[in-house]
């Protein structure tokens with residue numbers, strides 16, 4: 001019997017953040033990055049965050065290159081989809097030619113590989129050679 005423990009989306013976010021920190025320690029990143037948490041625990045907290053400028057739909061990870069280029073990564077577990085606000089945000093990025101990727105996987109290794117490929121393609125990671 002196979003007792004596979006399902007991984008949470010938060011765990012996938014943490015795994016990618018740890019991988020990005022590893023790339024930073026290896027001096028392979030050409031960017032500043034951060035994670036934006038758009039979740040809230042109550043309607044009151046949601047209202048406060050909205051007043052503070054939280055924008056629903058902002059993707060999970062943002063990358064800022066020293067030459068003013070930006071890129072975004074959204075992580076989703078298998079069989080999870082973008083919500084309406086995220087779709088609107090992605091349409092805005094598409095309209096303005098800003099690169100982003102939605103990575104759907106239940107594997108932290110696969111997410112790291114796909115994120116690295118995307119970031120390399122857009123010049124946010126130095127080649128390992």
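The values are calculated or read from the model by the stated rules, or taken from the named source; none is laboratory data. Model, not experiment: these values are computed from the prediction. Reconstructed Cβ throughout: ideal geometry from the backbone, glycine too, with neighbour counts over all protein chains shown.
Odds and ends about this structure:
- Segment 77-97, residues that are touching a helix residue (DSSP H, G or I) at 6+ places or on another chain (Cβ under 7 Å) and either assigned to a helix (DSSP H, G or I) or farther than 16 Å from residue 38 by Cβ (or both): 77
- When residues of segment 25-55 are limited to those that are farther than 20 Å from residue 92 by Cβ, in contact with a strand residue (DSSP E or B) (Cβ under 9 Å, 6 or more places away or on another chain) and assigned to a loop (DSSP other than H, G, I, E, B), the one modelled with the highest pLDDT: 28
- Being touching a helix residue (DSSP H, G or I) at 6+ places or on another chain (Cβ under 7 Å) and either farther than 20 Å from residue 113 by Cα or surrounded by 15 or more Cβ atoms within 10 Å (Cβ to Cβ) (or both) holds for only one residue in 47, 15, and it is 15.
- The number of residues in segment 104-126 that are touching a helix residue (DSSP H, G or I) at 6+ places or on another chain (Cβ under 7 Å) and under 13 Å from residue 30 (Cβ atoms) comes to 1.
- Unique residue being closer than 20 Å to residue 125 by Cα and either in contact (Cβ under 8 Å) with a residue 12 or more places away in the chain or surrounded by 15 or more Cβ atoms within 10 Å (Cβ to Cβ) (or both) when the list is 73, 7: 73
- Any hit, segment 76-93, residues being within 13 Å of residue 31 (Cβ to Cβ), crowded, with 16+ Cβ neighbours inside 10 Å and in contact with a strand residue (DSSP E or B) (Cβ under 6 Å, 6 or more places away or on another chain): no
- Condition met for residue 66 (in contact (Cβ under 8 Å) with a residue 12 or more places away in the chain, more than 22 Å from residue 112 (Cβ to Cβ) and surrounded by fewer than 16 Cβ atoms within 10 Å (Cβ to Cβ)): yes
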